[in-house]
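The values are calculated or read from the model by the stated rules, or taken from the named source; none is laboratory data. Quantities reported herein were computed from a predicted structural model and do not represent experimental measurements. Because the Cβ atoms are built from the backbone with ideal geometry, glycine has one as well, and the counts that use them run over all protein chains shown.
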Amino acid sequence: MKKTSILLLTCLVANLTLAQTKNIDNVNDTFKVKNSGAILNKDSDVDGYYFFYELDKLKKGDREFAIQILDKNLNEIAQKNYIDNKNTFLMKSSFNNQQVMFAMANYKEKKITLLSFDTKANQLPKVEFPLESKEIRYLQYMQQSGDFNVLFPIENKGFIFNKFEDNKNIGYSLKYYPTNGDTAWEYSSPKDSKDYLAINPIEANDKYLVALESSKSSLLSRKITLKTKVIDIKTGDLLFEKEYAKNKKPKLITNVFFDNKNNLILMGEYFKEGDNIYTDKSLGLAMELIDSTGKTIREEFISWKDDVVKLANIKGDYLDEKGYVFFHKIVKTNQNEFYAVGEFYKKTVSGGGVALSALSMLGGGGPTNVTQLTITNSVVFKFNSDFKLTEIKEYEKGKSRAPSLTDFGSPQLNAFALKGQGAFDYEYTQVDKVNDRFYSCFIDYERLKGEKNKNAFKTIIYDEGKLSEDKIYLQNDAVEFRVLPAKLGNVLLLEYDKKLKKLNLHLEKMNIN
């Protein structure tokens, strides 16, 4: 479970070599560690880091902000300052290997500003557009949930800005802003639609954008329609869409990735014919290979009961014993095998939620959900080139808990929504294509007998066709932190001391041969 804490390493001799460090001073106490990130090169290796933070309060309600760029060894490349109104706040930041973009909102002035910088911290022309009152209300709801799903990077191409639109009810527009000289475009929901529509981009490459569209007839309706949409990344044209809820084997799509021929591989869970994919229990995993026209080339169905339990060496019901799996990353190796890295989770009753719900019924507040997601071990599913499941490896990890967004939604829908709020322990995956290696990293709060509980930075490593795990123990203290990818074989530990208004950066080498 992630804790708000300073990261002080306790096993330097066993796990780490001499660290490279840097301090950034005079950082305003409004700084959030998510306002930083890694700068990646064309091979997704780390070339440096960016930081966006408030420096000073100025006259007439203005604020001075700083954008700072460091190289991969924590040497400063550039720092530029930026002035904005005090009511402007950062919704989301993202980097696409060419530029860093910040989505800024100001409810009082009813506008959104897209602010961009290159890798030398040079400011680029900004984009502004107005907000309607209804759109602001939806953004405020997203703000309460802790995550703004508004900015999606397209590596070496551009950015997608996902905006609510005030139509008859509520709709969306995907606004594409290229960084490589291509033409900007917009893909929008129908302006005369009577449904409530939203969209969530989940994967993209240099040819396609894949997004999940949800629609329902009213805000209180429990009946949701999900469509998988595939959009041409160059033109913004819809190439095809698929809706799986009424198939012979209904499917709930959760992951998308691409093969070497730019075919799409959709991954999700499948259900019994006639089941509700949003509330009923799934039968297993489904993999589908689709070409650029939407034609299905191959499908594979992997049953919890007949396939997964055998490899997991479980006699009972897999979902009852282990829970569902949220897959964070699917990596294709040079051996043409697929490794899906995830975490187990279950929907459980929250004791605190029950108590608060009872209090609300007695006049002590608004309605409260009584369920939660309980997140446990990390797990890796291995598939061959034909998507046949060949191996399952599980790694011990402490329990994390996150309140459900709704008591009525399925565990899968809650997990998908809570992922954006940092509910899971997964941090990131780095892929070393040259050495056919990948690193999948987690933060685990270990409850230890006879000694103080500790945070641990755990890495599942694929190397030379085998999986292993590395662990670095981290000490706890009351400072906000973040773990960022670093040059291959390293990790960056970012600590923010609010009292001293200082960022402390530690570049540490992992114990990997």
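Of note:
- THR254 vs. criteria of a type outside the set (A, V, I, L, M, F, W, C) and within 23 Å of the chain's Cα centre (by Cα): yes
- Just one of (1) in contact with a Lys or Arg (Cβ under 6 Å, 6 or more places away or on another chain); (2) modelled with pLDDT under 85; (3) part of a strand (DSSP E or B) fails for LEU55. It is (1).
- Residues of region 305-332 that turn out to be among the aromatic types (Phe, Trp, Tyr) and either more than 30 Å from PHE240 (Cα to Cα) or in contact with a His (Cβ under 8 Å, 6 or more places away or on another chain) (or both), as a count: 1
- Qualifying residue in region 248-270 (condition: assigned to a strand (DSSP E or B), of a type in the set (Asp, Glu) and closer than 24 Å to ALA340 by Cα): yes
- Any hit, region 228-241, residues being more than 24 Å from the chain's Cα centre (by Cα), under 23 Å from LYS92 (Cα atoms) and not in a strand (DSSP E or B): no
- Some residue of region 247-260 being closer than 30 Å to TYR177 by Cα, exposed (fewer than 13 other Cβ atoms within 10 Å of the Cβ) and not polar (S, T, N, Q): no
- GLU300 vs. criteria under 28 Å from VAL431 (Cβ atoms) and crowded, with 21+ Cβ neighbours inside 10 Å: no
- The condition of being farther than 24 Å from LYS347 by Cβ, over 24 Å from the mean Cα position of the chain (by Cα) and at pLDDT below 95 holds for only one of SER221, SER292, that being SER292.
- Boolean, THR368 is touching a Ser or Thr at 6+ places or on another chain (Cβ under 8 Å), among the polar types (S, T, N, Q) and at pLDDT below 85: yes
Residue-by-condition table, conditions (1) outside any helix (DSSP H, G or I); (2) among the hydroxyl-bearing types (Ser, Thr, Tyr); (3) at pLDDT below 95:
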{"site": "HIS328", "(1), (2), (3)": "yes, no, yes"}
{"site": "VAL331", "(1), (2), (3)": "yes, no, yes"}
{"site": "ASN336", "(1), (2), (3)": "yes, no, yes"}
{"site": "TYR345", "(1), (2), (3)": "yes, yes, yes"}
{"site": "ALA358", "(1), (2), (3)": "no, no, yes"}
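- Identity of the residue in region 115-128, modelled with pLDDT of 90 or more and hydrophobic (A, V, I, L, M, F, W, C), that ends up farthest from LEU70 (Cα to Cα): VAL127
- Filter result for THR459 (within 17 Å of the chain's Cα centre (by Cα) and in contact (Cβ under 8 Å) with a residue 40 or more places away in the chain): no
- Tally, over region 179-226, of residues that are under 22 Å from PHE95 (Cβ atoms), in a strand (DSSP E or B) and of a type in the set (D, E, K, R): 1
- PHE344 being touching a Lys or Arg at 6+ places or on another chain (Cβ under 6 Å), of a type in the set (Phe, Trp, Tyr) and surrounded by 13 or more Cβ atoms within 10 Å (Cβ to Cβ): yes
- Flag if ASN156 is part of a loop (DSSP other than H, G, I, E, B), within 23 Å of the chain's Cα centre (by Cα) and in contact (Cβ under 8 Å) with a residue 60 or more places away in the chain: yes
- Contact map, region 200-212: first residue of a type in the set (Asp, Glu), second residue surrounded by fewer than 18 Cβ atoms within 10 Å (Cβ to Cβ) and part of a loop (DSSP other than H, G, I, E, B), Cβ cut-off under 9 Å, separation 6 or more or different chains; pairs are ASP206/GLU155; ASP206/ASN156; ASP206/LYS234; ASP206/ASN262.
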